[in-house]
1. Considering only the range 114-151, state which residues are part of a helix (DSSP H, G or I), closer than 20 Å to Q219 by Cβ and small (G, A, S).
2. Give the residue that is most open to solvent (accessible area, probe 1.4 Å), with candidates limited to residues of the range 1-40 that are under 17 Å from C312 (Cα atoms) and among the acidic types (D, E).
3. Are any residues in the range 270-303 in a helix (DSSP H, G or I), of a type outside the set (V, I, T) and closer than 24 Å to L47 by Cβ, and if so, which ones?
4. Hey, among the residues in the range 250-282 that are open to solvent by 30 Å² or more (accessible area, probe 1.4 Å), closer than 15 Å to A236 by Cα and not basic (K, R), which one's nearest to the chain's Cα centre (by Cα)?
5. Any residue that is closer than 19 Å to P305 by Cβ and either in a helix (DSSP H, G or I) or over 15 Å from the mean Cα position of the chain (by Cα) (or both) - is there at least one of those in the range 101-108?
6. Step by step: first the residues of the range 41-69, then only those that are under 16 Å from I325 (Cα atoms) and touching a helix residue (DSSP H, G or I) at 6+ places or on another chain (Cβ under 6 Å), then the one that is surrounded by the most Cβ atoms within 10 Å (Cβ to Cβ). Which residue is that?
7. Of the residues that make up the range 104-120, is at least one modelled with pLDDT under 90 and surrounded by fewer than 17 Cβ atoms within 10 Å (Cβ to Cβ)?
8. Just one of (1) in contact with a helix residue (DSSP H, G or I) (Cβ under 9 Å, 6 or more places away or on another chain); (2) open to solvent by 20 Å² or more (accessible area, probe 1.4 Å); (3) closer than 25 Å to E68 by Cβ trips up R304, so point out which.
Amino acid sequence: MPLVCLTDFQASAQERLSKSSWDFIEGGAGDGTTKDNNVAAFKKIHLRPRYLKDVSEVDTKTMIQGAEVSAPICIAPTGFHCLAWPDGELSTARAAQAANICYITSTYSTCSLEDIVTAAPKGLRWFQLYMQTNRQLNQLLVQRVEALGFQALVITVDVPMLGNRRHDLRNQLDLKSNLLLKDLRSHKGQINPMPVLQMSPIDSSFSWSDLSWVQSITQLPIILKGILTKEDAELAVKHNVQGIIVSNHGGRQLDEVLPSIDALTEVVAAVKGKIEVYVDGGIRTGNDVLKALALGAKCVFLGRPILWGLACKGEHGVEEVLNIIKNEFRTSMALTGCRSVTEISQDLIQFSRL
C-alpha cells in the first residue's frame, strides 16, 4: 500500500524502528500533553476559502533570510539521524538539497559537518547550536559552520536543562554505546571526542546578555529557536537577532505550555515585522502550513515527519515526505484562492468557537 500522507509514514516508521528508538523520536516530556496539543491545535483553526479566482498557476516559492526556497516548508533541527537510517544526516541533507529547501543541521548530528556539506554542497543550510559550558567549543563550532558555508546560526533557547522525558528514562536509553557526536569536538582535535552522555553540558547560565558575545564572533544572522511569548519576542528584537522560530521543542521540554501555533500570533504581533518569524511543532498537512502562514509565519519547519521518512526509505523517504506536504500545500493554496504565498492572509482562517 502506498504511503500517501505524513501519518502513513508515521505508522510505517514505528513498525521499522526499535521500541527505544521510536520512543526517543516520538516521545514528549511529562504526560505528552503539549506534544499532542501541537497537532490538535491546528484542527481548531478553520479555513475560509475564496473562489472564482484564477489559480491555474500557483507559486509556492518564498524567501527566508534572503534566500529562495521552493516552498515555506523546511527541515527543523533534530539529532541522531543515524537512529533512523544508516546514512543519517547525509541522507537528510541530500533530500533537502533536491527539494530546494533549508535544512537546519543539529549540534547533535551523528555525521560530521564536513561530511554533511560534502553530501549536499549546494544545499541551503543553517546550523543549530546548543550553547555549551565550554565557550571555546562554542566558538570553534561557530567558526567551522561559517567556514563551511552555513548561512545562519540557530540558537536553541528552551533547553537550559533537559526536559522530563519518561520514555527515555524507562528505556534506560544509552546512545553512547554506538553514537558519537562528531561535531562536539574541535576541528583540530583540541577538544577530546565526547560520547553522547559525556559531552560538554548545555550552558544553563546562557542569557540575553550573552548574545552580544555570539554576535561578536560571527557574521551569520542569528535566529532564536524556542520563543513562545511576546515578552521574549520583544527582547529578541531589542537584542538585534534576525529571526525567531516559535517552538516548544515538539513538546519534548516543558509539558503543558502553549501549542506552537497558538503562541505564534502574539510573537508575530510583538515583533511588528522587524524580524522574520517561523514556527515548528504539530505540522502534518498542507492545510497546517497554510494556517501557519495566515497567522504570520514566514516558513514552517518539520521535525518528526522528516525522521519518519528517513526511517522508512532514507533519502527517498525524506523526499517523499517533503513532496507530499508541498503538493498538499499547493492544493490548499489553490482551493483557498491563493496564487502565491504573498496572498495568504489572516482573512483565510477562523478560530473555532468551541
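The values are calculated or read from the model by the stated rules, or taken from the named source; none is laboratory data. Remember, predicted model here, so these are calculated numbers, not experimental data. Positions of Cβ are generated from backbone atoms using ideal geometry, with glycine treated the same way; all protein chains shown enter the neighbour counts. SASA here: full protein model, heavy atoms, side chains in, ligands and nucleic acids out. Shrake-Rupley method; radii C 1.70, N 1.55, O 1.52, S 1.80 Å.
1. A147
2. E15
3. G286, N287, D288, L290, K291, A292, L293, A294
4. Among those that are open to solvent by 30 Å² or more (accessible area, probe 1.4 Å), closer than 15 Å to A236 by Cα and not basic (K, R), it is E276.
5. Checking the range 101-108: not a single residue is closer than 19 Å to P305 by Cβ and either in a helix (DSSP H, G or I) or over 15 Å from the mean Cα position of the chain (by Cα) (or both).
6. Filtering the range 41-69 for residues that are under 16 Å from I325 (Cα atoms) and touching a helix residue (DSSP H, G or I) at 6+ places or on another chain (Cβ under 6 Å), the one surrounded by the most Cβ atoms within 10 Å (Cβ to Cβ) comes out as F42.
7. no
8. It is condition (3) that R304 fails.
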